[in-house]
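S.K.: The structure's right below; bear with me while I get my questions together.
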Amino acid sequence: EAVAREAIAARRQFIPLRQCENLLRDGKAREAADAATAAIGAYPRAVPARTCLLNALARLEAGTDSLIAVAQAALAAAAANALALDHLARAFDAAKKPAAAAPVWVRLLATDSTNEDLIDRVVNALSRDGNPAMAQPLIDRGTDAYPDNLPLLKLRWLVHLATNDWKGAIDAGEKLLARDVASQTDPDFYVRLSNAYRADSQAPRALAVAAL
């Protein structure tokens, strides 16, 4: 009976939710936000209505406080909702709160950990926010799973440089040197690889690379 009551209550959001989705398709973000708010009023635990509200608020370029509040409310009911996690991470970044954003980015990747584009987005976001140490195991797993993805391999190279993991950087750098035409013709790449060899106490190899 409790399950049946909850199901009946949840259905109260459906009509205004559909209105929100249709209004968004028509480019009417303000009206869509109003419909989503009505859906949440009809069913306070609504998650789909809150995700529609998040999309509407994003189009309205609402303040980060509003986006954070709505995303957190959605996640309180559905902790692995990818859209809410995405909005929350980006809102924290926009609010200049990288320490709050970082674990949310990690949670977002966990919802689709084999998605190459998402790996790229999350690792870039963590690195941009000054959290390369958190990004390192994520990019390592990503490049191990997709060894032919050169953009991910370049990210691995940059992340390991940022964490001063010279052996890891050298490993990624040597793979880039063997496979990536852009790296092969980039003087800065050779300087960085030479510096990595030198930092790893491999002076002869550092000199050899610097001479290329």
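S.K.: Counting only residues that are within 25 Å of residue 31 (Cα to Cα) and touching a helix residue (DSSP H, G or I) at 6+ places or on another chain (Cβ under 9 Å), give me the helices (runs of 4 or more DSSP H) lying completely in region 51-134 with at least 1 of them.
M.R.: On the way: elements: 64-77, 82-94, 98-110, 116-128.
Hits in region 51-134: 64-77, 82-94.
S.K.: Residue under question is residue 201, and the condition is that it be within 13 Å of the chain's Cα centre (by Cα), surrounded by fewer than 18 Cβ atoms within 10 Å (Cβ to Cβ) and in a loop (DSSP other than H, G, I, E, B); does it hold? Break it down stepwise before answering.
M.R.: On the way: within 13 Å of the chain's Cα centre (by Cα): no; surrounded by fewer than 18 Cβ atoms within 10 Å (Cβ to Cβ): yes; in a loop (DSSP other than H, G, I, E, B): yes.
So residue 201 does not fit the description; no.
S.K.: Can you tell me which residue in region 130-148 is nearest to residue 162 (Cα to Cα), limited to those that are in contact with a Lys or Arg (Cβ under 9 Å, 6 or more places away or on another chain) and open to solvent by less than 60 Å² (accessible area, probe 1.4 Å)?
M.R.: Among those residues, the one meeting the criterion is 136.
S.K.: Also, I was wondering about something else. Which ones in region 28-50 are open to solvent by 20 Å² or more (accessible area, probe 1.4 Å) and either within 14 Å of residue 88 (Cα to Cα) or not in a helix (DSSP H, G or I) (or both)? It would help to see each step written out before you state the result.
M.R.: The initial filter retains those residues of region 28-50 that are open to solvent by 20 Å² or more (accessible area, probe 1.4 Å), namely 28, 30-31, 34, 37-38, 40-45, 47-48, 50.
Across region 28-50, the qualifying residues are 28, 43, 44, 45, 47, 50.
S.K.: Out of the residues in region 108-119 meeting the condition of being out of contact with any Gly (no Cβ under 7 Å at 6 or more places or on another chain) and crowded, with 17+ Cβ neighbours inside 10 Å, tell me which one is nearest to residue 156 (Cα to Cα).
M.R.: Per the criteria, the residue is 118.
S.K.: Something else about it: Cβ-Cβ distance below 8 Å, separation of 6 or more or different chains: which pairs start in region 1-27 with a residue that is open to solvent by less than 100 Å² (accessible area, probe 1.4 Å) and end on one that is among the β-branched types (Val, Ile, Thr) and in a helix (DSSP H, G or I)?
M.R.: 13/40
S.K.: A further question on this structure: Quick one: what pairs do we get from region 178-191, first residue open to solvent by less than 60 Å² (accessible area, probe 1.4 Å), second of a type in the set (Val, Ile, Thr), C-beta under 6 Å, 6+ apart or different chains?
M.R.: From region 178-191, the pairs are 190/209.
The values are calculated or read from the model by the stated rules, or taken from the named source; none is laboratory data. All values reported here derive from a predicted model rather than from experimental measurement. Don't worry about glycine lacking a Cβ; one is built from the backbone with ideal geometry, like all the others, and counts go over all protein chains shown. Remember, those area values only see protein heavy atoms, side chains included, never the ligands or the DNA or RNA. Shrake-Rupley method; radii C 1.70, N 1.55, O 1.52, S 1.80 Å.
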